[in-house]
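Student: Got a structure here, written out as structure tokens. Questions coming.
Read the figures in this text as sums done on the coordinates, not as results from a lab. As the structure is a computational prediction, the values presented were derived from the model and not from experiment. Please note: Cβ atoms are built from the backbone with ideal geometry, for glycine as well, and neighbour counts cover all protein chains shown.
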Amino acid sequence: MTDRGLFTLIFTGIWCLVGVIFLCVGCGLRRSFLRREERLRARTTGRVAEVVRRESRSSDGASIAWYPIIEFEVDGHTISLESGDGGGRKRFYEGQSVEVLYDPDDPSCFRLEGVDTTNLVGKIFIAIGLASVAIGVIAALIVNGIPGIMR
């Protein structure tokens with residue numbers, strides 16, 4: 001095998017391996033999201049009772065995130081829980097009305113309608129995976145010549 005062929009094999013292999021890893025992670029996240037969505041079959045209107053500020057420190061410094069405390073009623077009981085749908089900017093305000101999807105068997109398992117980063121992250125991983133595999137294959141075709149077009 002020539003140096004060029006070995007380089008192409010390694011380059012293509014690395015890009016395709018990275019792509020497959022990203023595809024597997026993305027598909028796993030999507031499957032997890034869809035399984036969770038199946039459980040969240042009840043819907044109600046809730047309200048933002050409070051927005052709490054969370055600060056985390058790392059070697060890069062401090063970061064601040066805002067998380068809403070959501071109140072909603074299930075079978076006459078008021079449930080008040082912190083949503084994991086927070087972020088670096090304050091998207092919610094006290095008194096805001098929100099649609100809540102929850103598991104009727106376990107109302108502590110809930111999410112706000114229209115806000116779910118797990119789904120988006122899974123799609124991003126899948127897109128990166130597909131792009132990585134495509135880069136590896138296209139690079140191999142360019143270096144080795146596309147049959148019938150280049151030589």
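Student: Taking P(r) over Cα pairs in 5 Å bins from 0, in percent straight from the coordinates, which label in (i) 2, 10, 18, 24, 21, 15, 7, 2, 0, 0; (ii) 2, 8, 11, 13, 13, 12, 12, 11, 9, 6, 3, 1, 1, 0, 0; (iii) 2, 9, 13, 12, 11, 12, 10, 7, 6, 6, 5, 4, 3, 1, 0 is the correct one?
Tutor: Working out P(r) over Cα pairs in 5 Å bins from 0, in percent from the coordinates points to (iii).
Student: Testing the spin-label approximation: label points 7 Å from Cα along Cα→Cβ at ALA134 and SER63. State their distance in nm.
Tutor: So the label points at ALA134 and SER63 sit 2.8 nm apart.
Student: Something else: Name the residues whose placed amide hydrogens come within less than 5 Å of the amide hydrogen of VAL74, ignoring near sequence neighbours (fewer than 5 apart) on the same chain.
Tutor: Here the answer is ILE79, since their amide H atoms fall under 5 Å of that of VAL74.
Student: On to the next question. Relative to the longest principal axis of the chain, what angle (0 to 90°, nearest 10) does the C-alpha long axis of helix 117-144 take?
Tutor: Between the helix axis and the principal axis of the chain, the angle is about 0 degrees.
Student: Rank by packing, highest mean first: peptides 76-83, 134-141, with packing defined as the count of other Cβ atoms within 10 Å averaged across residues.
Tutor: Peptide ranking by packing, descending: 134-141, 76-83.
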